[in-house]
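Enquirer: First the structure, then my questions, so here it is.
Readers should treat all values here as calculations from the given coordinates under stated rules, not as data from a laboratory. Quantities reported herein were computed from a predicted structural model and do not represent experimental measurements. Heads up, the Cβs are rebuilt from the backbone with ideal geometry, glycines too, and the neighbour counts pull from every protein chain shown.
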Amino acid sequence: MQIEERVRELVAEKISDRGDLFIVRIKMHNSGLLEILMDGDNGIAIEDCVQISRHVGFHLEEEDVIDRAYRLEVSSPGIDTPLLLHRQYQKNIGRSVRINSSEGEKREGKLIVVNDKSVVIEEVKKEKGKKAVTQEAEIPLDNITEIKVLISFK
């Protein structure tokens, strides 16, 4: 069994009673870092990360799953981490996002709708000498290479 698969099982076991928490990504890096990115519909607390880390770490050691030195890191995605899952798109409705498309186009706007095939953003178009216009733009999920939440310090 792959390391990531076993870790996914262990995390799922730990959060099975918490419907609001979900796994974003599990990756074993060549450097020996075992990275578990977690999120929640209402965010994730440090204590949740601690409990997951203890549970996974204990079982990995007991089962001797990893045969070399490693470092276990359980955290939430950072502010610069792209959204990877549909569930993350849903939880960020109402926030400003930057979307990179497969055509190389970059668009920014407020995420207002997410469905199985596309997202809709409300973007402000500014043209020289004209008043800014707000319009909705539907972007197919197949055309999206990356979505990041934009942080506002207003």
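Enquirer: With r as the distance between the Cβ atoms of LEU85 and THR134 and R0 = 41 Å, compute the FRET efficiency 1/(1 + (r/R0)^6) and round to 0.05. Don't skip to the end; give the middle numbers.
Expert: Working: r = 28 Å, r/R0 = 0.68.
That gives a FRET efficiency of 0.90.
Enquirer: What list do you get for ARG98, ARG68 if you sort them by fewest beta carbons within 10 Å?
Expert: In increasing order of surrounding Cβ atoms, one gets ARG68, ARG98.
Enquirer: Once the Cα gyration tensor of region 3-75 is found, what semi-axes does its equivalent ellipsoid get, as square roots of 5 times the eigenvalues, in whole Å, sorted largest first?
Expert: Details: eigenvalues 84, 31, 21 Å².
Whole-Å semi-axes of the equivalent ellipsoid: 21, 12, 10.
Enquirer: Now for a separate question. Relative to the longest principal axis of the C-alpha atoms of the chain, give the angle of the C-alpha long axis of helix 3-15, reported between 0 and 90° and rounded to the nearest 10°.
Expert: 80 degrees
Enquirer: What residues qualify as long-range amide H neighbours of VAL113, i.e. H under 5 Å apart, gap of 5 or more or another chain, H built at 1.01 Å from N?
Expert: Those lying under 5 Å, H to H, from VAL113 are VAL120.
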